[in-house]
Structure formats: C-alpha cells, structure tokens
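Worksheet: one structure, shown below.
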Amino acid sequence: MMSCLKFNCDIDITDNPLDLNLNDYLEIAVRNNPKRRFLFVSKVLGKHLACKADDMDDLGKLIVEAYKKKNINGNNGTVISFAETGTAIGHSVFNYLEGDYEFIHTTREVVEGYKSLEFLEEHSHATDHNLYFENLETLQSGEEVFLVDDEITTANTCVNIIRKIQSIYPKKRYTICSILNWVDSVNIEKIKKVEEELDCKIEFVYLFKGNFDFVVDSIPVVDDSLEIKDINREIKVNFIDLDMDDYIDGQKYIKYTGRFGINKKDQERLVQVVKRESDKLKIENNDSDVLYLGTEEFMYIPMLFAKESKNKVYYHSTTRSPIIEIEKDGYPINSKFEIGSFYNKGIKNYVYNLDKKNYSECFLFIESKKDESEFRDIINVFKNTSIDKLNIVSCSAV
C-alpha cells in the first residue's frame, strides 16, 4: 500500500526477476492530465527527481541482465527508446547490450529532409513522435527490435510502432523493455493476436511486473500557471562551449544523442569525447552538492558528464510532463518551476524540487547554442534557489 494526501495506490508485484526493492525505484504523484491523473515517478531515472548518475545508468545494465535471464540469445538488431522520458534509459540499454546493435530514440523534433516513421503514443500529454530511421542498417537487416521506456501500461504505443516497422522491415522478434510493466491479461491477449496477425514474437523484459489500483478521493484539477518571483539576488552565470565532434543539420543536433541513429563505434567515440570535454567543466567548490541538469530529450549525454565528475554531483532533467506540486512529507514533488522550452517556442517545460536541495552550483546542458538572452527566465528561476553559480553548457560552439 502506498498512500499520500487524498489518493491511494495499492501495488501488487507479481514478478521481480532480479529481486529488487520497489521502494528504491518508485514514487507516486498526481497530475492534471484527464487521461491519467497519476504518475509513477522514478527515483533513479534522472528525469523528475535528482539522482546519482551511476544509479540512472545502472537501469540499462539491470534491464540487460533481466533480458539475459530469459535466454533469448539475440546478438543483433535495433534499440528504440521513447522520447522524452525514455531516451536515456534506452541509450543505456543499448550501451550494455553485447552484439551488433544500433540505437535510436523517437523525437518530437521536426527535421526537414529526413524521412520519419510517424506513430502515436498513447496516454501521453504530448503524443506526436518522429523516428528518423533511414540511417539504421540493423533496422533493415537485424533480427530483433528492442522498444524501451520507463513504464509500459497497455503496450498500445509499442504495438503502434511494431505495426509500422513490420510493414517495411518485417522482424521475427520484438522485445519490449521497461522498469515497470503493468500490462494486464486483457492486453496480453490482444498482443497474442497481434503476434499471429504480424507473424512475429513479442517478448516483455522488465524489472517489476504487477498491477495496481489507483483511487483519487478529492484532488481537483488545479491551476498550473506559475509565477517566478523576481528576486533581487545576484548569481554568477558562466557560459561554456563544448565540442561534441559530430553534428547533424548544421550544428543543431549532436550525432551521438541517437536521434538519427548510432552504432557501437559511435558509442565508443561518444565516451571518448565526453572524457575529453569534461576537462572544461570546473566545479568551484568540491565539497558542496552540485547539479547537472539535462533538458527535455537531451538526457543521456548530460548523465555521462555527471558520471565523469568525481564530486558530489546529482543529475536530472527538465521535462514537458506537468505534475502537481504539494509541499508535504511523503509526496515526491514539493516544488515546481515553469520555463519555456529551449528547443521549441511556446512549449512549457518544468523542473522539480530545484530549491529543495542545497546545491551550490549547477551545470545546465543545452544541446545547441542559444543567444544569451534566451536564458533570462531560467536565470530568474535559479535566483529562487540556493545555487550561487550557474554554468550554461552549450554542446555546440556555433
């Protein structure tokens, strides 16, 4: 039983293949989305809540371990993860898989000149996805496709993309990977029919499998508009330019994010580049807590930079996902700051609990170079926290 405020969630875990402790991985929050009033908030995904970078990266390692326990014996194929929350965990799964695999994540970015496999994500607050798949060799010739997200509830989104892929590059096996798997018997029967219809096998790999009963007693839809206080406090702002070596569409997108597909050699190169460029990230006080903050889909590379630091570094990311904040013990989201997207004008982003930990310094990672004037709002956000120094890290010098 997990309960807080005026909602209750009874969780029954029916399969735990690695014998993990659910409470080390999961919190529950509420939101205004009428499709689904609640949200399972991961403690270690590096999205809504700050965590250690090693804990986030270990999720990929654990999912690969659970995959190996099923004795599927695959050795080549494509790993696809879902934006925005699943981008980093999918990249981590790809990194730890042994064999000839490529990685790509879906994106809400619209990029001219690239052919997209478009599909619909169910249950999402933002449902349009693109998959720029043409550079992937293993999607055409590989034997298996992995679909990775933090949580699978009905598997409808996965079935949507499986149908699309099967129509152009038929596969014999799809493996749906997640931290949490809530797919019930009704949806399992639907998937069995899809297997017969498409002549393929659909497997599930997860850290926790179960079911839940969520009841909201009286949490009304609340006004999500936020006003950032204009505090007359000076903080030090430092701009850092990194060179990530290889870019797409000019220097707007880093090749190694996986948005357009990468292979194992690309991954090796990414690790080398991160090690080299980490020397440019100098922490002022080695004894204080420091935050490395990714932005939207741009999660995995900031996590790698956080792993490279030997200091007291925490990591998470901004998100499009709106969650109701409540200042109460036992509830995971105690504060919320709203900012505009750095990549798409008019899109709201949120960062949670930024003022609830005593950080002295933050490294904010932006995939592409922006004009300094575009950071005024987020600088005002940081003035409302304990952070004295904000390093704005542009991963493109142009």
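The values are calculated or read from the model by the stated rules, or taken from the named source; none is laboratory data. Bear in mind that the values here come from a model prediction, so they are computed numbers and not experimental data. Note that we place each Cβ from the backbone using ideal geometry, even for glycine, and neighbour counts take in every protein chain shown.
Data overview
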{"read-out": "Subset of the stretch 357-382 [more than 18 Å from GLU277 (Cβ to Cβ), assigned to a strand (DSSP E or B) and touching a Leu at 6+ places or on another chain (Cβ under 6 Å)]", "value": "TYR359"}
{"read-out": "Looking only at the stretch 328-345, and only at residues there that are touching a strand residue (DSSP E or B) at 6+ places or on another chain (Cβ under 8 Å) and at pLDDT below 90, the one that is farthest from CYS9 (Cα to Cα)", "value": "LYS328"}
{"read-out": "So ILE323, is it under 21 Å from GLU84 (Cβ atoms) and touching a residue at least 12 places away in the same chain (Cβ under 8 Å)", "value": "yes"}
{"read-out": "Residue check, LEU354 closer than 18 Å to LEU45 by Cα and assigned to a loop (DSSP other than H, G, I, E, B)", "value": "yes"}
{"read-out": "Pair list, Cβ < 6 Å and 6+ apart or interchain, from the stretch 129-140 residues that are closer than 11 Å to SER116 by Cα to residues that are of a type in the set (Val, Ile, Thr)", "value": "HIS129/THR106; ASN130/THR107; LEU131/THR106"}
{"read-out": "Meets criteria (surrounded by fewer than 21 Cβ atoms within 10 Å (Cβ to Cβ), under 26 Å from ILE347 (Cβ atoms), in contact with a strand residue (DSSP E or B) (Cβ under 9 Å, 6 or more places away or on another chain) and among the polar types (S, T, N, Q)) for THR157", "value": "no"}
{"read-out": "Qualifying positions in the stretch 354-378 - within 21 Å of ASP241 (Cα to Cα), surrounded by fewer than 18 Cβ atoms within 10 Å (Cβ to Cβ) and charged (D, E, K, R)", "value": "LYS369, LYS370, ASP371, GLU372, GLU374, ARG376, ASP377"}
{"read-out": "Enumeration of residues in the stretch 95-136 that are under 20 Å from the mean Cα position of the chain (by Cα), closer than 19 Å to SER167 by Cβ, modelled with pLDDT of 90 or more and in a loop (DSSP other than H, G, I, E, B)", "value": "THR106, LEU131, TYR132, PHE133"}
{"read-out": "Top-ranked residue of the stretch 196-246 - restricted to ones that are modelled with pLDDT under 95 and aromatic (Phe, Trp, Tyr), ranked as nearest to LEU147 (Cα to Cα)", "value": "PHE212"}
{"read-out": "Unmet requirement for ILE323, which otherwise passes all of (1) in a helix (DSSP H, G or I); (2) touching a strand residue (DSSP E or B) at 6+ places or on another chain (Cβ under 7 Å); (3) farther than 29 Å from ASP279 by Cβ", "value": "(1)"}
{"read-out": "Candidates VAL381, VAL290 - the one that is buried (at least 23 other Cβ atoms within 10 Å of the Cβ) and touching a residue at least 24 places away in the same chain (Cβ under 8 Å)", "value": "VAL290"}
{"read-out": "Boolean, ASP57 is crowded, with 20+ Cβ neighbours inside 10 Å and of a type in the set (D, E, K, R)", "value": "yes"}
{"read-out": "Single condition ILE162 does not satisfy, out of (1) hydrophobic (A, V, I, L, M, F, W, C); (2) more than 29 Å from TYR253 (Cα to Cα); (3) touching a helix residue (DSSP H, G or I) at 6+ places or on another chain (Cβ under 8 Å); (4) assigned to a helix (DSSP H, G or I)", "value": "(2)"}
{"read-out": "Pairs where the first residue, in the stretch 269-282, is touching a residue at least 60 places away in the same chain (Cβ under 8 Å) and the second is surrounded by 16 or more Cβ atoms within 10 Å (Cβ to Cβ) and small (Gly, Ala, Ser), C-beta under 8 Å, 6+ apart", "value": "LEU281/SER309"}
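Table: residues versus (1) acidic (Asp, Glu); (2) surrounded by 21 or more Cβ atoms within 10 Å (Cβ to Cβ).
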| residue | (1), (2) |
| --- | --- |
| ILE301 | no, yes |
| LEU304 | no, yes |
| ARG320 | no, no |
| ASP329 | yes, no |
| ILE339 | no, no |
| TYR352 | no, yes |
